[in-house]
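A.B. asks: What follows is a structure written as structure tokens; I'll ask about it next.
The values are calculated or read from the model by the stated rules, or taken from the named source; none is laboratory data. These figures come from a predicted structure and were not determined experimentally. Glycine also receives a Cβ, built like all others from the backbone with ideal geometry; neighbour counts cover every protein chain displayed. With ligands, DNA and RNA removed, areas are computed over all heavy atoms of the protein, side chains included. Shrake-Rupley method; radii C 1.70, N 1.55, O 1.52, S 1.80 Å.
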Amino acid sequence: VNEPTSPIGLADWLELYAIVSPDGNSSRGDLESALRVAAFTELSDSESIERRIIEVFHELQQRIKAAGEAYPFEMTDLEVVQLKTAWENFPAYVFCLCLSAYGVNAPAPGLFEQISCAAARGYFDGEVIAFGFPRAELPASFLDAVEEACRRMGEGVSYQHSSLDSKDDTLDLLAFKDFADRQPSKLIMFGQCAAGQNWTNKIGELQPDVFCRQWIADFVSPAPIRSFFIPHRIPYRKWAFYARKAGILFDRCRIAYWAHQDGIDFSAHLDWVRSILAHAQS
């Protein structure tokens with residue numbers, strides 16, 4: 001979890017400040033003034049403040065690279081963070097930013113799962129099934145949902161005779177890249193979404209091979225790839241540590257990069273962001 005005074009937390013602050021500012025920007029000067037006024041214990045002198053500002057703008061440069069065209073801001077001489085156009089044109093990134101900064105409330109988890117599915121579809125260039133509970137496109141019953149997912153994947157059958165049941169068993173989405181024959185033996189990815197700040201406690205929960213052994217009979221394809229979706233940013237030095245646990249790790253920038261596509265209805269996400277920003281400014 002990133003503290004408010006960490007480089008990631010302060011980079012988020014600069015982005016949010018730019019979004020709500022009438023001129024659509026924030027600056028190095030804004031950050032320096034805020035840090036001096038706040039007088040944080042660990043940033044008690046000019047030298048430590050300067051080091052932190054450098055770290056913050058380095059983090060912003062990494063976001064520009066990682067999110068590509070989905071990143072809402074541009075930087076001028078490492079001094080000014082400027083919105084490219086209206087923030088509403090970058091719904092995936094801004095939604096994840098606000099979710100990370102302001103926390104989870106209804107209906108944010110479901111909206112985050114929708115964006116994660118969009119990112120998985122863009123990255124995988126295949127089909128995606130939203131599996132998380134409560135379900136919209138699959139049966140509410142867990143075993144019936146597994147059966148329907150198997151039918152759509154063209155892979156295995158569910159253990160309908162099992163006396164066990166579960167809401168989703170930590171599986172929130174399935175992505176698969178089919179062949180024209182739609183036969184088993186294909187690339188499949190299972191994904192878990194974690195919108196809250198407690199994501200580090202969930203990162204190793206989903207085990208695709210165990211899920212398949214537990215719930216699916218006659219599975220032919222190689223074990224599904226594990227993936228993990230979060231709306232947060234991870235410090236560079238900790239990326240490998242968490243990525244080993246996550247499988248394919250989708251952070252805020254990766255999600256935004258792959259979900260930033262035409263034809264996706266983000267109206268509910270935009271409404272949620274507007275309500276969050278209005279509440280934050282009141």
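A.B. asks: For ARG213 and ALA180, what is the calculated FRET efficiency with R₀ set at 22 Å and r taken between the beta-carbons, to the nearest 0.05?
C.D. replies: After rounding to 0.05, the efficiency reads 0.15.
A.B. asks: Multiplying the sequence separation of LYS202 and ASP77 by 0.36 nm and subtracting their Cα-Cα distance, what value in nm do you get?
C.D. replies: Roughly 41.1 nm would be gained on extension.
A.B. asks: Using alpha-carbon pairs under 8 Å, 6+ residues apart, how would you state the relative contact order of the stretch 76-213 in percent?
C.D. replies: The normalised contact order for the stretch 76-213 reaches 22 percent.
A.B. asks: Let me ask something additional. Nearest-5 percent of antiparallel DSSP beta bridges in the chain?
C.D. replies: Numbers: 18 of 26 bridges.
In the chain, DSSP labels about 70 percent of beta bridges as antiparallel.
A.B. asks: Between the stretch 84-130 and the stretch 223-282, what's the alpha-carbon centroid distance in Å?
C.D. replies: Their Cα centres are 6 Å away from one another.
A.B. asks: For ALA278 and HIS58, FRET efficiency with R0 = 45 Å and r from the beta-carbon atoms, rounded to 0.05?
C.D. replies: Calculated transfer efficiency: 0.90.
A.B. asks: I would also like to ask the following. Mind checking the full-extension length gain between VAL104 and VAL20? Use 0.36 nm per residue of separation minus the Cα-Cα distance, one decimal, nm.
C.D. replies: Result: 28.2 nm gained on full extension.
A.B. asks: Stokes-Einstein diffusion coefficient for the stretch 70-227 at 4 °C in a medium of 1.567 mPa s, Rh from the Kirkwood formula over Cα pairs: what value in µm²/s?
C.D. replies: Translational diffusion coefficient: 75 µm²/s.
A.B. asks: Right, something else. Which distance in nm do the two modelled labels at SER141 and ASP45 give, with both placed 7 Å along the Cα-to-Cβ direction?
C.D. replies: Going from the SER141 label point to the ASP45 one covers 6.9 nm.
A.B. asks: Separate question: For q values of 0.20, 0.22, 0.27 Å⁻¹, compute log₁₀ I(q)/I(0) with the Debye formula on a Cα-only model of the stretch 122-184, without solvent.
C.D. replies: -0.79, -0.93, -1.22
A.B. asks: Counting pairs of alpha carbon atoms under 8 Å apart in space and at least six apart in sequence, what relative contact order in percent does the chain give?
C.D. replies: So the answer I get is 20 percent.
A.B. asks: Which three extents, in angstrom, do the Cα atoms of the stretch 50-96 have along their principal axes, listed largest first?
C.D. replies: Extents along the principal axes, in whole Å: 32, 17, 15.
A.B. asks: Measure nothing fancy, just the Cα-based angle from helix 142-153's long axis to the longest principal axis of the chain, in degrees from 0 to 90, nearest 10.
C.D. replies: Roughly 90 degrees, rounded to the nearest 10.
A.B. asks: What span do the alpha-carbon atoms of the chain cover on each of the three principal axes, reported in whole Å from largest to smallest?
C.D. replies: 66, 35, 34
A.B. asks: Using DSSP to call loops (not H, G, I, E or B), can you name the trypsin sites (Lys or Arg not before Pro) in the stretch 73-157 whose Cβ has at most 16 other Cβ atoms within 10 angstrom?
C.D. replies: LYS84
A.B. asks: Accessible area per residue, 1.4 Å probe, Å², for the chain: what's the number?
C.D. replies: 48 Å²
A.B. asks: If the chain between ALA86 and TRP239 were fully stretched, how many nm would it gain, using 0.36 nm times the residue separation less the Cα-Cα distance?
C.D. replies: 52.0 nm
A.B. asks: A follow-up question, please. Straight-line reach from LYS65: which lysines have a Cα under 30 Å away, not including same-chain ones fewer than 8 places off?
C.D. replies: List returned: LYS84, LYS177, LYS202, LYS238, LYS245.
A.B. asks: Which of the chymotrypsin sites (Phe, Trp or Tyr not before Pro) across the stretch 29-127 are loop residues per DSSP, with 16 or fewer other Cβ within 10 Å? Working shown, then result.
C.D. replies: On the way: sites: PHE40, PHE57, PHE73, TRP87, TYR93, PHE95, TYR102, PHE112, TYR123, PHE124; in loops: PHE40.
Answer by residue number: PHE40.
A.B. asks: If packing is taken as the average count of other Cβ atoms within 10 Å, what order do 104-110, 203-209 fall into, highest mean first? Walk me through the intermediate numbers first.
C.D. replies: Values: 104-110: 14.7, 203-209: 17.4.
By packing density, highest mean first, the sequence is 203-209, 104-110.
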